[in-house]
Amino acid sequence: MSTNRKYNNDSIKSLKGADRVRKRPGVIFGSDGLEGCEHSVFEILSNSIDEAREGFGNQIKITKFDDGSIEIEDFGRGIPVDFNKSENKYNWELIFCELYAGGKYNTNNAQNYEYSLGLNGLGLCATQYASEYMDVEIYRDGKKFTLYFEHGENIGGLKSEETSRKQTGTKIKWKPDIQVFTDIMIPSAYFESVLKRQAIVNSGLTFIYKDNEKTQEFFYKNGIKDYVEEIAGDNALSSVIYCNSERKGRDRADKPEYKVKLSCAFAFSNRVKLMEYYHNSSWLEHGGSPERAAKQAFVSEINSFLKKNNKYNKNESKITFSDIEDCLIFVSSSFSTQTSYENQTKKSITNKFIYEAMTDFLKHHLEVYFIENPIESEKIANQILINKRSREKAEKTRLNLKKTLLGSVDMVNRVHKFVDCRTRDKSLRELYIVEGDSALGACKQSRDANFQAIIPVRGKILNCLKSDYDKIFKNDIIRDIIKVLGCGVEVKSKANKELSLFNIDGLKWNKIIICTDADVDGFQIRTLILTMIYRLTPTLIQKDFVYIAQSPLFEIKTKNKTYFAYNEQEKVNILSKLDKTNEKYDISRSKGLGENEPDMMWLTTMCPQTRRLIKVTPEEAEKTSDMFNLMLGDNLQGRKDFISEFGANYISQADIS
């Protein structure tokens, strides 16, 4: 690491003038790439749109040139450029050379630009700063004013001359600076898309776009209503519904009141779908408040209609917005005198009151529509239910396929502490389910790695007889064991979101061997594992795949040999033989699996020629399940009766051992 770089008082710098944008364009435009360059164009366009919406001019001309430069001309009032006494500066300097300067800060006081796209006084100045050059013509007060800028600096000041042109307006031609943006060649598709959207939400305003020799006009007389009709075509499920309203409210009790104009157009179709949201004519690509309002209102009202008309099947889940969206064409255009954009790029708004007002507005109109149009309502309801049931069926199919495919994935990479074997031959593979990490270590050293795999059980697993499926399928140990088995479970439950349904062909093992210590805890863990298999995969027991590995109770050592006794009777028999030959011996209780030497583990528990395995049969599994249920289940009286009758037998056996 370098130690020569200093960070002291002289390290702090302040960007000034054009450098505030040129060095960090992403802060204003969202990026320094093509998307940021495109947004700089929209900043100029939005000023012209604001003028037209105020009632000044009904046409905007946009020209794209081959070198990447752009020209936008409007026929509004023309930008004020003369001296501003309150600011002690010329207005052209404030607008073109000062960030946070403009005429749209009092939109909530019924002054200019009540419903404005531009709010922050950044766009025109920032675009000028980010340009290779900017050439401005302004027509107002019977004069033509001109300004010229290069790389963010004004050249020559303001010039004016008398003009015979009666039509006021502003024409700005500029070229985005390649030193600021990484790409300035904006495709025609961007202009066509933006201008069409602006024509949709600014009814009666004509946009004329020129690119080389091609000229296009974008115009919608009735705005969003015409647009939805265009998308829906002649074969929609419903007619186009258009509604509007104007409201007043606050985002918070202590915040100022502001006005909101709401308009929506929508139709239902089984061929096309569309969701678009606009605010102050800016396309809200990321939605925000209007999107949340639409989702809430449509789900609430359509779900209410389905319930009232008994459209749901018994125990059927309710619809989601995706079921509605699949057959909905919806366009909203709202305006407000106060707007909280998520950021300068204006792709989402966050106003709380707009969300509340639009939710209430849509709910009301939907409720009325469903009452007044019973035939269309029936068609819409049936289509939404088709969408819902198709989605649920597809999700179920996808989930089952996912579970099946997951079953074929190498378990070593997915199950904690599982130790796989080498062979892929199912007729040879054996899975040892062992008690704890210590047994895992001992068995791992003792096994034949070619065909014997191991998975440890961490403590006592869940009692699958007493637990419901929701709890069972959330248990990590149970899920891991079933995943390693590979055959899925013989249980159909909503709680099973991860494990596949049972398929014996998916089983990866010839033998499943439960291997626990020969003590009370070991026996209980063994019983819990057997109970799990009996409840979730009983076919494995029926088809003789499940075994119990017997561990010796006693280790009897002589000078030349070690004997293992698996029960009391075997111990007595071995000792009797040794007594007859007068051999000296040492007898000890066998250690737990984790304490055994690898050679002993192999010989007594894992070697196919010398180990002892107990095959678990369906009858034994059922008896085990019944006994386990009696001892740990809810039958308190049955448990008392059993202990009263047979308890003495178990006490005496414990005393003997």
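Please treat every number below as a calculation from the coordinates, not as lab data. Values in this document were obtained by computation on a predicted structure and should not be read as measured data. Counting neighbours? That spans all protein chains shown, and the Cβs are built from the backbone with ideal geometry, glycine included.
For K307, the shell of other residues with beta-carbons less than 12 Å away shows a net charge of +1, using +1 for Lys and Arg and -1 for Asp and Glu. Across the range 570-587, computed HN-Hα scalar couplings (Karplus, 6.51 cos²θ - 1.76 cosθ + 1.60, θ = phi - 60°) run 5, 4, 4, 5, 5, 5, 4, 5, 5, 5, 5, 9, 6, 7, 7, 8, 10, 10 Hz from first to last residue, x flagging Gly and Pro. Cut-off 14 Å, label point 7 angstrom out along Cα-to-Cβ of N382: give me the residues of the range 306-330 whose amide nitrogen falls inside. The answer is 311, whose backbone nitrogens lie closer than 14 Å to the label point.
For the chain, the longest principal axis of the C-alpha atoms and the axis of helix 34-53 are separated by about 50°. The C-alpha atoms of the chain define a longest principal axis, and helix 436-446 lies at about 70 degrees to it. With only the Cα atoms considered, the range 306-396 has a convex hull volume of 149 Å³ per residue. In this simple spin-label model, placing a label point 7 Å from the Cα along the Cα-to-Cβ direction at both E87 and I643 gives a separation of 8.9 nm.
Look at where the Cα atoms of the range 282-302 and of the range 202-274 average out, and the two centres are 14 Å apart.
When you count the other C-beta atoms within 10 angstrom of each residue and take the mean per peptide, 510-516, 596-602, 231-237 line up highest first as 510-516, 596-602, 231-237. Reducing the range 304-337 and the range 520-571 to their Cα centroids gives an inter-centroid distance of 59 Å. A simple spin-label model places the labels of F56 and T539 7.9 nm from each other, with each point 7 Å out along Cα-to-Cβ. Electrostatic bookkeeping for G249 treats Lys and Arg as +1 and Asp and Glu as -1; over the other residues with beta carbon under 15 Å from its beta carbon, the sum is +2. Of the residues R197, R252, the one with the fewest other Cβ atoms within 10 Å heads the list, and the complete ranking is R252, R197.
Neighbours of T581 by Cβ distance under 13 Å: Lys/Arg scored +1, Asp/Glu scored -1, total +3.
Filter K474/K494; K460/K508; K225/K307; K471/K497; K173/K210 down to the pairs with a C-alpha to C-alpha distance above 20 Å, please. Beyond 20 Å between Cα atoms: K460/K508; K225/K307.
Available extension along the chain between Q445 and D468 is 4.5 nm, counting 0.36 nm per residue and deducting the alpha carbon span.
When L462, L205 are sorted by how many other C-beta atoms sit within 10 angstrom of their C-beta, beginning with the fewest, the order is L462, L205.
One chain, two ends: K393 and Y190. Fully extended at 0.36 nm per residue, the span grows by 69.2 nm beyond their Cα-Cα distance. Under 16 Å of direct C-alpha separation, and excluding same-chain neighbours fewer than eight residues apart, K221 reaches these aspartates and glutamates: E229, E230.
Based on the alpha-carbon gyration tensor of the range 503-560 and its eigenvalue square roots a ≥ b ≥ c, which shape applies: rounded if a/c is under 1.5, prolate if not and a/b is larger than b/c, or oblate? Since a/c reaches 1.5 but b/c is at least a/b, the shape of the range 503-560 is classed as oblate. The packing ranking of peptides 24-34, 562-572, 41-51, highest mean first, is 41-51, 24-34, 562-572, where packing means the average number of other beta carbon atoms within 10 angstrom of each residue. Among 526-538, 489-501, sorting by the average number of other beta carbon atoms lying within 10 angstrom of each residue, highest first, gives 526-538, 489-501.
Listed by Cβ neighbour count within 10 Å, with the fewest neighbours leading, D505, D211, D82 appear as D505, D82, D211. For a modelled paramagnetic label at T558, 7 Å from Cα along Cα-to-Cβ, the residues of the range 567-585 in reach, with backbone nitrogen under 19 Å, are 567, 569-585.
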